[in-house]
Each structure stands twice: as structure tokens, then as C-alpha cells.
Amino acid sequence: MTDARERMEDIAMDQPPFSVLLGIRILSVSPDEVVAEMPVTLDLSNRNGVLHGGAIMSFADNVGGTATMMNLPEGTTTTTVESKTNFLRPIRIGDTARATSIPLHKGRTMMVWQTSITRGDGKLAAVVTQTQLVMVWEEGRG
């Protein structure tokens, strides 16, 4: 296994606590695609018995952020500066949501990712486009 591949897998597996809380599981990673799954549980539902829109957005943000992290130059990090979601179909409790994030633009200071969220039956449930800022993180500065 190459050093670059090992680095990508390390980044993908080093998920933040919030993604663990959501139950996100990374399935595959490459510089141009990240695929993950998230179980649709009662804890993540809205009053209509479907996956809450905020959970969908959080899922997509995490997967797009992971994709960005795998493409960053050494010494930089990222944060989401813009996100737009189109909700197309509900995902019911007991189903599994799948996210596939692909790059629309991988620039030096910004990256734009499109994440498609599908249901267990393969139908598209949401499309999220997010812009990630590439930045140098300095301790003590906000």
C-alpha cells in the first residue's frame, strides 16, 4: 500500500465524535470520491418518521469534509463556508442512507463538493453542494 493511500485511509477513519454519534460509516475513499452510510434511526428522525433534514445535511457535510481533508496540502485544514441542500425524497426509519461525494472544483483556496444521498432502494433523496475553505489553522486565533 502506498503512503498516499495509507494517509487517505487514516484521514477517512479518523472521524470526529459527531459523525460517530450519527452512526456514519466510511465505505470507500479516493481523492475523487468518498462513499459512506448512515443508519436512519428514531434518534435521527423528525416528527413524520423520516430522516431529519438536519441529519441529512450533517451527513453530507461530514462526507464532503472528509473528501476535502484527503485533498489538502500539508499544514492546512478546512471548514465549510457554504452549503445548499435539495431534499427530493424522504428516507424512513429503519432504512440506510448512502452518501457519495465527488468534487466539482478542487482549487488552492476553495473546494466544492457535491454529495448525493440515496435511500436503500437506490432512489436519490437529497443533493448537497458545499464549499470548503482551505486554510492554515493557527492556534489561539479564531
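The values are calculated or read from the model by the stated rules, or taken from the named source; none is laboratory data. Keep in mind that this is a model prediction, so the values were computed, not measured. Counting neighbours? That spans all protein chains shown, and the Cβs are built from the backbone with ideal geometry, glycine included. Protein only, heavy atoms only, side chains kept; ligands, DNA and RNA dropped before computing areas. Shrake-Rupley method; radii C 1.70, N 1.55, O 1.52, S 1.80 Å.
With everything on Cα atoms, drop me the angle between helix 3-13 and the longest principal axis of the chain, reported from 0 to 90° to the nearest 10.
Helix 3-13 sits at roughly 40 degrees to that axis.
Taking Rh as the Kirkwood radius, which is the inverse of the mean 1/r over Cα pairs, what is the Rg/Rh value for the stretch 79-129?
Here the Rg-to-Rh quotient is 1.06.
In the neighborhood of ILE102, defined by Cβ-to-Cβ distances under 10 Å, what is the net charge if each Lys or Arg adds +1 and each Asp or Glu adds -1? Working shown, then result.
Working: positive: none; negative: ASP32, GLU33.
Taking every other residue near ILE102 into account, the sum is -2.
Quick one: what does P(r) look like for the stretch 53-116 with 10 Å bins over all Cα pairs, in whole %?
All Cα pairs considered, the percentages come to 19, 52, 22, 7, 0.
Can you tally the net charge around ASP10? Count Lys and Arg as +1, Asp and Glu as -1, for every other residue whose Cβ sits under 14 Å from the Cβ of ASP10.
-3
log10 I(q)/I(0), Debye, Cα-only the chain, no solvent, q = 0.10, 0.12, 0.15, 0.17 Å⁻¹?
Normalising to I(0) and taking log10 leaves -0.33, -0.47, -0.72, -0.90.
Working from Cα positions, state the angle (0 to 90°, nearest 10) between the long axis of helix 53-69 and the longest principal axis of the chain.
Orientation of helix 53-69: about 30 degrees from the principal axis.
Tell me, what is the FRET efficiency for TRP137 and SER83 to the nearest 0.05, using R0 = 25 angstrom and their Cβ-Cβ distance as r? Kindly include the intermediate steps, with their values, before the conclusion.
Values: r = 20 Å, r/R0 = 0.81.
Using R0 = 25 Å, I get an efficiency of 0.80.
At 0.36 nm per residue, minus the direct Cα-Cα distance, what do ASN46 and LYS123 gain on full extension? Give it in nm, one decimal, please. Let's see the in-between values first.
Values: separation 77, 0.36 × 77 = 27.72 nm, distance 2.00 nm.
Value of the extension gain: 25.7 nm.
If you roll a 1.4 Å probe over the stretch 29-142 with all protein chains in place, what percent of the accessible area is carbon or sulfur?
The value for the stretch 29-142 is 51 percent carbon and sulfur by accessible area.
Which net charge results for the neighbourhood of GLY120, defined as the other residues with beta-carbon distances under 13 angstrom from its beta-carbon, given Lys and Arg at +1 and Asp and Glu at -1?
Neighbourhood net charge equals +2.
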